[in-house]
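Before any comments, here is the structure.
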Amino acid sequence: MKKRSIFYATRSKFKDEELSIISKLDFVNEFGENCRIGDLIDFHVSDIPTEEPLEIDLEQMVRHKARSAYKRILAPCIVEHAGLILEKNECSGFPGGLTQPMWDALGPDGFLDRIGCGGERAIARAVVGYCDGMSIHTFIGETKGQLAKHPTKGRGFYWDVIFKPDDDQPGKTYAEIADEDGGLKAKLEISQSTKAIRNFAKFLSAQSGDFLFNIA
C-alpha cells in the first residue's frame, strides 16, 4: 500500500489534534481488509483560506471549497465541512451548510431557541472533498442522534455541545464524551468526520495511478 501525502485545508484549531488520532484508526479497504489510515495517508494541515459559498447542500459547498483549496495549494488536498440536519427536514437537508453561519450568529443557546429544535432527532453529516488537480470526489459520513435541550459543558468544538450520538448509550453529547479520559478517541470512533475520512481512505487505497502532483 503506497503512502500518500495529502494536504488537509482547514483553519480549525481542533483538527490537528483530531487528525493525529484519526491517523491511528482503521479503515476497511476494497478487499475487506482492515488497514491503518496513517499507513496510507500522511496528512499535512494547511490553514490557507478557502471559499465557502452559502449553501444548504453540504456536498455542493464542499465541491466549491475543494476546488478553491487546490488552486492555492497546487497539490492533492482535501477539505471538509459538516452540519446538522433535522430528521424532520431530511429531504431538504436543513440546516445543513447553513449550520455554521447560524451557529456563529446565534451561539449554542440561540441556535436551539430560534430554531426550536432542542430534543429533536438529527443527523450529523460530514462531507470530505478531495481534489487531485484533475477531478473532485466527495465522501459522506453520517451519525444519527438527538439534540440536547440545553448546551452542555465539555470540549466546545462547534455544535458538539448539543449533539448526542445514538452510539453513546448514556446519552452524552460529543463535547461531554470528548472531555472524559480517552474520550476524544471514543468520540472520533463514532463521528461523522471519521466515517467520511474512512470512505475517502477506501477510495484512495484503490487508486493505482500517480497523482498529477505528489509531494511524497
Somewhere in the stretch 134-149, is a residue within 25 Å of Asp26 (Cα to Cα), open to solvent by 10 Å² or more (accessible area, probe 1.4 Å), out of contact with any Cys (no Cβ under 7 Å at 6 or more places or on another chain) and not in a strand (DSSP E or B)?
no
Residues of the stretch 46-70 that turn out to be open to solvent by less than 60 Å² (accessible area, probe 1.4 Å), over 15 Å from Ala196 (Cα atoms) and in contact with a Lys or Arg (Cβ under 9 Å, 6 or more places away or on another chain), as a count:
5
So for the stretch 90-109 (the condition being open to solvent by 40 Å² or more (accessible area, probe 1.4 Å) and hydroxyl-bearing (Ser, Thr, Tyr)), does at least one residue qualify?
yes
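Could you list all residues from the stretch 1-39 that are of a type in the set (A, V, I, L, M) and closer than 27 Å to Lys71 by Cβ?
Ile6, Ala9, Leu19, Ile22, Ile37
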What is the residue count in the stretch 174-194 for residues that are farther than 22 Å from Gly97 by Cβ and not hydrophobic (A, V, I, L, M, F, W, C)?
9
When every residue in the stretch 128-146 that is among the hydrophobic types (A, V, I, L, M, F, W, C) and modelled with pLDDT of 95 or more is compared, the one farthest from Gln60 (Cα to Cα) is Cys131
Within the stretch 133-144, residues in contact (Cβ under 8 Å) with a residue 12 or more places away in the chain and more than 16 Å from the chain's Cα centre (by Cα) come out as Gly133, Met134, Ile136
Scope the stretch 94-119; condition modelled with pLDDT of 95 or more and not in a helix (DSSP H, G or I); matching residues
Phe94, Pro95
So, first residue at positive phi in the stretch 93-116, second residue of a type outside the set (A, V, I, L, M) and buried (at least 19 other Cβ atoms within 10 Å of the Cβ), Cβ within less than 6 Å, six or more apart or across chains; the pairs are Gly96/Gly83
Can you pull out every residue in the stretch 1-16 that is surrounded by 13 or more Cβ atoms within 10 Å (Cβ to Cβ), under 14 Å from the mean Cα position of the chain (by Cα) and of a type outside the set (Val, Ile, Thr)?
Tyr8, Ala9, Ser12, Phe14, Lys15, Asp16
Against the condition free of Cβ contacts under 8 Å to residues at least 40 places away in the same chain, in contact with a Leu (Cβ under 8 Å, 6 or more places away or on another chain) and either of a type in the set (Lys, Arg) or within 19 Å of Ser5 (Cβ to Cβ) (or both), how does Arg198 come out, does it pass?
no
The helices (runs of 4 or more DSSP H) lying wholly within the stretch 1-93 that contain at least 3 residues that are closer than 26 Å to Phe111 by Cα and out of contact with any Phe, Trp or Tyr (no Cβ under 7 Å at 6 or more places or on another chain) are 58-73
Any residue in the stretch 76-89 that is over 15 Å from the mean Cα position of the chain (by Cα), buried (at least 20 other Cβ atoms within 10 Å of the Cβ) and not hydrophobic (A, V, I, L, M, F, W, C)?
yes
Scan the stretch 25-44 residue by residue and report those that are touching a helix residue (DSSP H, G or I) at 6+ places or on another chain (Cβ under 8 Å) and open to solvent by 60 Å² or more (accessible area, probe 1.4 Å).
Asp26, Val28, Glu30
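The values are calculated or read from the model by the stated rules, or taken from the named source; none is laboratory data. Values in this document were obtained by computation on a predicted structure and should not be read as measured data. Glycine gets a Cβ as well: all are built from the backbone with ideal geometry, and neighbour counts include every protein chain shown. With ligands, DNA and RNA removed, areas are computed over all heavy atoms of the protein, side chains included. Shrake-Rupley method; radii C 1.70, N 1.55, O 1.52, S 1.80 Å.
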